[in-house]
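Presented below is the structure to which this report refers.
The values are calculated or read from the model by the stated rules, or taken from the named source; none is laboratory data. This one's a predicted model, so the numbers in the text were calculated from it and none came from an experiment. FYI the Cβ positions are ideal-geometry reconstructions off the backbone, even for glycines, and counts take in every protein chain you see. Each accessible area value is taken on the protein alone, full model and side chains, heavy atoms only, with ligands, DNA and RNA left out. Shrake-Rupley method; radii C 1.70, N 1.55, O 1.52, S 1.80 Å.
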Amino acid sequence: MKLKNKSNYTHKELQDVLTQVKAHIQVTGDEWANVTIVNYQEQEDDEKENVKYFDVLRSYVNIERDTTLEELERQVFERETVIKTYKTKKGLLQALLNDNDITGSYYRLHTVI
C-alpha cells in the first residue's frame, strides 16, 4: 500500500498537492497546513493470483514550508485508514466520480499498485 512507486502517476499527483499547499502557505503567511488526502486505490494481492482490492483510504497530513515529497509520502502511508472497500473496479471508479464517500474539503488521488 506504499505510495513509493515512482512510475505510478500518484507520485506526480502528490507532488502537485505538495506544490499547491506550499503556495497556499506562502500566500497566507502560515507556517503549516493540515490537509486531508483521499486515495482511491486499486491493489493486486501479492500472494493470490487474480485477486484485487479496491479501497478508499483517507490520510490527515501536516505540510510545512520545508516538507519534502518523501516526507509527505511517508505521512500519507502511515496515517491512512480504510474508509470503504468496493468489490469491483467499476464501483471504485464510480465512487471517485460521484465523490460521496467523504465529506469536507480534501485532495483526491487514484492509485494503481
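Here each label is just a point 7 Å from Cα along the line to Cβ, and for residue 15 and residue 82 those points are 3.1 nm apart. Each of residue 51 and residue 36 was given a label point 7 Å from its Cα along the Cα-to-Cβ line. The distance between the two points is 3.2 nm. Under the criterion of Cα pairs below 8 Å and six or more residues apart, the relative contact order for segment 3-98 equals 27 percent. A probe of 1.4 angstrom, applied to the heavy atoms of all protein chains, finds residue 28 with accessible area near 70 square angstrom. A simple spin-label model places pseudo-atoms 7 Å from Cα toward Cβ; at residue 26 and residue 113 they are separated by 3.2 nm.
Volume of the convex hull of segment 17-112 (Cα atoms only), normalised per residue: 102 Å³.
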